[in-house]
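Q: What follows is a structure written as structure tokens; I'll ask about it next.
The values are calculated or read from the model by the stated rules, or taken from the named source; none is laboratory data. Keep in mind it's a predicted model, so treat the numbers as computed, not measured. When we count neighbours, we look across all protein chains shown, and the Cβ atoms used for this are built from the backbone with ideal geometry, even at glycine.
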Amino acid sequence: MTALLREVIGDVLRRARVEQGRTLREVSDSARVSLGYLSEVERGRKEASSELLSAICGALDIPLSRVLSAAGDELALAEARAAAALERAGAPSIDAATKVVIPQVVSMAVA
């Protein structure tokens, strides 16, 4: 199963905080976010709004773009690993040349 974006963003934020040697309380106070909510965001349990992410990034003194870029890189890597695992397991894949025809919907009038 592929990781959720909120989980990956939480991991990136937690790593940045730990690398700075800061506590949840320090960052939550600086970002004006409750400690419990910040903890939930870092654990990927809460989907942070863009405003909240901006506040947390400001408290950590890292650009939001860097957090999102790192999260995107990690998601791409996780997706590649999942695809490789499916290939190794012999899971069927859809050939890019496969065409799908969706029939036109015909409405039936009732008199």
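Q: Take the residues in segment 90-111 that are modelled with pLDDT of 65 or more and polar (S, T, N, Q); name whichever of them is surrounded by the most Cβ atoms within 10 Å (Cβ to Cβ).
A: Thr98
Q: Within segment 24-37, how many residues are of a type in the set (A, V, I, L, M, F, W, C) and more than 11 Å from Ala55 (Cα to Cα)?
A: Qualifying residue count for the region: 2.
Q: Do you know which residues across segment 59-89 are among the acidic types (Asp, Glu), without any contact (Cβ under 8 Å) to a residue 60 or more places away in the chain and under 10 Å from Val12 (Cβ atoms)?
A: Within segment 59-89, just Asp73 meets the criteria.
Q: Which fully enclosed helices (runs of 4 or more DSSP H) of segment 1-104 have 3 or more residues being under 13 Å from the mean Cα position of the chain (by Cα)?
A: Per the criteria, 5-19, 64-88.
Q: Kindly list, by first and then second residue, each pair from a residue in segment 26-44 that is free of Cβ contacts under 8 Å to residues at least 24 places away in the same chain to a residue that is in a helix (DSSP H, G or I) and among the charged types (D, E, K, R), limited to pairs with Cβ atoms under 7 Å and residues at least 6 apart or on different chains.
A: Listed by first residue and then by second, the contacts come to Leu35/Arg25.
Q: Within segment 30-43, which residues are within 15 Å of Gly58 (Cα to Cα) and surrounded by 14 or more Cβ atoms within 10 Å (Cβ to Cβ)?
A: Passing the criteria: Ser30, Ala31, Val33, Leu38.
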